[in-house]
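Read through the structure below, which is laid out as structure tokens, and then see the notes.
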Amino acid sequence: MNVFSSSLKRRALMGPALLAVVLLSVQATCTDTSLSKGAARVAKDGHKEMLKALKEIAGKIDVPQNGYAARAKLAYFDQLMTTATSTNDKVNAVMKKGVVLLEYGDEVKAVEIFEKILAYVGDNPKARYPTLYWLGTAYMRLGERNNCLTGHTADACIMPLQASGIHKDKSPSRKAIETLEIFLTEAPSDPNYYDGVWLLNLAYMTIGEYPSKVPKKWYLPGLDKVEYNMRPFTDMATDLKIMVNSRAGGSIIDDFNNDGFLDMVTSGWDVGEDKMYYFQNNGDGTFSNLSDASGIHDFTGGLNIQQTDYNNDGNLDVWVLRGAWQGQTGPYGEQPNSLLRNNGNGTFTDVTMDAGLWSLCPTQAATWNDYNHDGWLDLFIGNEHLPTGGKTYPCQLYINNQNGTFTDVAEAAGVNIRMYVKGVTSGDYDNDGWPDLFLSSMDGKKVLLRNKGLQAKTPAFEDMSVQSGFSEEKYRSFPTFFFDYDNDGWLDLFVCNYDFEKSLSYYFAREALGLGKDDPSGKPVIYHNNGNGTFTNTNKSLGLNKTAYSMGANFGDFDNDGFLDIYLGTGNPNYQSIVPNKLFMNVGGKKFMDGTVASRTGNIQKGHGISIADMDNDGDQDIYVEMGGAYRGDGYPSSMYINPGQNQNNRIYLKLEGTKSNKAAIGAKITLKFRENGVSRMVYRELNSGGSFGSNPLRREIGIGSATVIDEISITWPASGITQVLTNVEPNQFLRIVEGKEGAEKLPLKAIKFNPAASDMPMCAPTK
């Protein structure tokens, strides 16, 4: 009896025009001709119409054919169970309902279902082994619900689990251990064997019995090994009352009210339930939840968010990206992005339609830069095009018209690429003064687009993928960013491999056992810029040949040595993919070492938007992680890892303000010259918001090691091309530098003492 042979056939229920008949006179999709010509959508009240659109879309995608709509799928399988004409079909439906119950977040009922199925199928291996596998998983997730979510602590789900991270309610983990050991004993050749080994080791860890009690034949060594020693961070999201219990989403850390303190905006990807949040830093160790007062809480959805200043008014706006991953089984990814204008008074207004940015395309990837050097920020969007269904979702390049509207010139610029784009980043890789583009994708392609400058007033790009060497490596990739990891003055490129055929537990278990060392799956890669238009894969030489499967990724300097470190949020939607986030420390630009265990930042829940910034102004950078997976039941509290300080190194903070260049100064190049221990050093930065999934503040926070004076700070502005120079600068200051204005203004930089006392405020939760 094969009770797992049938599958849910996913049909497309929605037509291409979700709301266009109601909201717009012409259907708005990526292929809409008026959009391609840049026509602005003048709406009577674009803000209200966007909210109306999101609400209607939420209803239309809540159908069982949408693989992520757990509630609708539960109803579907309930119906299937009653209409099944054979025992095989009925048990099959029950089994699938158990999996969906995990997706929905009802682990208790899932356990009950899998237990009943296990008793029913008896010794039939085709049914017994998958049931044991899912039952062990369900017990693991029930343990997380009862311990990591209920009574959440700073140590919860941090690998290796210790202190308050050890489960108080140990019964689900003990049942998981019992079930997984039966599975591993009976099914050593099962495709999910290594997944089971990984979950078993984690289960022992949750009850404080790793490594001592793990049976030798299934023991995974080194899960608690310290490779790079550093002082541990502390998760203070609960204490600071900024913990959001959400699904996968984005994050921005920046100063939205221009008071010198860093605020926070977050999002969650579900357009039906996951609301956006805005937390204002009060500068006294507390935050105010202004989500409702600002209007941001009215908006739902957004797998990724970014800050920008599209209208050059000095107030940072918010760009929200929607629909990613959801176009694979139908038109469920046809969701609008949003441009939220910062009104300068603590409120935000959706101006998407009036700006001409309305479209219905699945995406989470975009990058803001001044591609035509007119002093205004433009927008490139990498959409998720699938060569099925007769629809096209080409990439878009919106040029800023300097009047609040944008024009899509992607076709004229040569960037209307059609592929399954998952990450985009912009930077001047060839040092010719023009910002270039790099695209990662699920198609196995990596595309480097060189900006050649203006042709007929439009920026023109040429595909340099072959010449640069990127076309030679075919693998699916996800997050990406330009950064200069070795301070040689040339932007290098981070890309993470995202090839997988099994749950991520499989790959992490095999790595722990020393297997699959040459398997590139899930490995982060740094492509070194050779300074001649080509790049070299330095994955092995830099010590990054390690499994990560990064979704979120960003960079910062956690020890202020002037070399950029990396933090990765890991995972995928699979319920067995319970793997740690990763922190890699840059050692002198020569290699990277794994600081995950020592730093206490290796959360085993799904990591998405990553923002790195000195939240408390105490001189060292902290890490915010927007946690949670794709499904309702995979939501998890966000984390704010506060850096205790790793040493006594010095730093300089810079706020740049363009006049001829864009006011946010994105694209400006910064060079620091100083001597450390008698050795001359240079540090290079190009101003941007960091990674392609999560946004750092636009103020530059630059470490200079033990240097006691900065000999020279030079700023090269993107639009004017002029270079300003400051000499003999004292470290540990916050300086404002204005384009074309001599000297610098010293700004106050008040250190904040975050109170570690327990919070009496419940976590923020998605709307039910």
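Within region 544-562, one or more residues are within 22 Å of Asp195 (Cβ to Cβ), touching a helix residue (DSSP H, G or I) at 6+ places or on another chain (Cβ under 6 Å) and touching a residue at least 24 places away in the same chain (Cβ under 8 Å).
Of the residues screened, Thr596 is one that is buried (at least 24 other Cβ atoms within 10 Å of the Cβ), among the hydroxyl-bearing types (Ser, Thr, Tyr), touching a Lys or Arg at 6+ places or on another chain (Cβ under 8 Å) and closer than 16 Å to Ser550 by Cβ.
It is to be established whether one or more residues within region 271-292 are under 15 Å from Phe693 (Cα atoms), open to solvent by less than 10 Å² (accessible area, probe 1.4 Å) and not in a loop (DSSP other than H, G, I, E, B). Within region 271-292, not a single residue is under 15 Å from Phe693 (Cα atoms), open to solvent by less than 10 Å² (accessible area, probe 1.4 Å) and not in a loop (DSSP other than H, G, I, E, B). Taking (1) surrounded by fewer than 24 Cβ atoms within 10 Å (Cβ to Cβ); (2) in contact (Cβ under 8 Å) with a residue 12 or more places away in the chain in turn, Lys213 satisfies each apart from (2).
Residue check: is Gln455 touching a Gly at 6+ places or on another chain (Cβ under 8 Å) and open to solvent by 60 Å² or more (accessible area, probe 1.4 Å)? No; evaluated as a whole, the condition is false for this residue. Of the strands (runs of 3 or more DSSP E) contained entirely in region 481-592, those carrying at least 3 residues that are under 26 Å from Ile670 (Cα atoms) and under 21 Å from the mean Cα position of the chain (by Cα) fall at 492-497, 524-529, 550-556, 565-570, 582-587. Screening Gly302 with (1) touching a residue at least 40 places away in the same chain (Cβ under 8 Å); (2) at negative phi gives one miss only, at (2). Checking each residue in region 616-640 for being under 16 Å from the mean Cα position of the chain (by Cα), among the small types (Gly, Ala, Ser) and open to solvent by less than 10 Å² (accessible area, probe 1.4 Å) picks out Gly628, Gly629, Ser638, Ser639.
Filtering Gly552, Gly571 for residues that are under 19 Å from Ile158 (Cβ atoms) and either modelled with pLDDT under 95 or in contact with a Lys or Arg (Cβ under 6 Å, 6 or more places away or on another chain) (or both) leaves a single hit, Gly571. Between Phe183, Phe233, the distinction of being of a type in the set (A, V, I, L, M, F, W, C), out of contact with any strand residue (DSSP E or B) (no Cβ under 7 Å at 6 or more places or on another chain) and modelled with pLDDT of 95 or more belongs to Phe183 only. Residues of region 394-419 that are open to solvent by less than 10 Å² (accessible area, probe 1.4 Å) and assigned to a strand (DSSP E or B): Gln396, Leu397, Tyr398, Asn400, Phe406. Could you list, in sequence order, the residues of region 316-359 that are more than 20 Å from Lys55 (Cα to Cα) and open to solvent by 30 Å² or more (accessible area, probe 1.4 Å)? Those that are more than 20 Å from Lys55 (Cα to Cα) and open to solvent by 30 Å² or more (accessible area, probe 1.4 Å): Gln328, Thr329, Arg341, Asn343, Gly344, Asn345, Gly346, Thr347. Residue-level check: of (1) part of a helix (DSSP H, G or I); (2) touching a Pro at 6+ places or on another chain (Cβ under 9 Å), Gly196 misses just (2).
Taken together, Glu712, Glu742 contain a single residue that is free of Cβ contacts under 8 Å to residues at least 60 places away in the same chain and either basic (Lys, Arg) or part of a loop (DSSP other than H, G, I, E, B) (or both), which is Glu742.
Does Ala110 satisfy the criteria of being open to solvent by less than 10 Å² (accessible area, probe 1.4 Å), touching a Gly at 6+ places or on another chain (Cβ under 6 Å) and either outside any helix (DSSP H, G or I) or aliphatic (A, V, I, L, M) (or both)? Spelling it out, Ala110 is indeed open to solvent by less than 10 Å² (accessible area, probe 1.4 Å), touching a Gly at 6+ places or on another chain (Cβ under 6 Å) and either outside any helix (DSSP H, G or I) or aliphatic (A, V, I, L, M) (or both). Listed conditions (1) open to solvent by less than 10 Å² (accessible area, probe 1.4 Å); (2) touching a strand residue (DSSP E or B) at 6+ places or on another chain (Cβ under 8 Å); (3) under 29 Å from Gly301 (Cα atoms) are all met by Lys582, apart from (1).
Residues in region 651-676 that are of a type outside the set (Lys, Arg), within 29 Å of the chain's Cα centre (by Cα) and surrounded by fewer than 23 Cβ atoms within 10 Å (Cβ to Cβ): Tyr653, Glu657, Ile670, Thr671.
The single condition from (1) buried (at least 20 other Cβ atoms within 10 Å of the Cβ); (2) hydrophobic (A, V, I, L, M, F, W, C); (3) in contact (Cβ under 8 Å) with a residue 60 or more places away in the chain; (4) farther than 18 Å from Asn696 by Cα that Val226 fails is (1). Within region 420-444, restricting attention to residues that are of a type in the set (S, T, N, Q) and open to solvent by less than 30 Å² (accessible area, probe 1.4 Å), the residue that is farthest from Ser477 (Cα to Cα) is Ser426. A Cβ distance below 7 Å, combined with a sequence gap of six or more or placement on separate chains, defines the contacts here; from region 250-262, residues that are basic (Lys, Arg) and open to solvent by less than 20 Å² (accessible area, probe 1.4 Å) reach no residue that is modelled with pLDDT of 95 or more and assigned to a strand (DSSP E or B).
The values are calculated or read from the model by the stated rules, or taken from the named source; none is laboratory data. Source: prediction; values computed, not measured. No Cβ is skipped: glycine too gets one built from the backbone with ideal geometry, and neighbour counts run over all protein chains shown. These area figures cover heavy atoms from the full protein model, side chains too; ligands, DNA and RNA do not enter into them. Shrake-Rupley method; radii C 1.70, N 1.55, O 1.52, S 1.80 Å.
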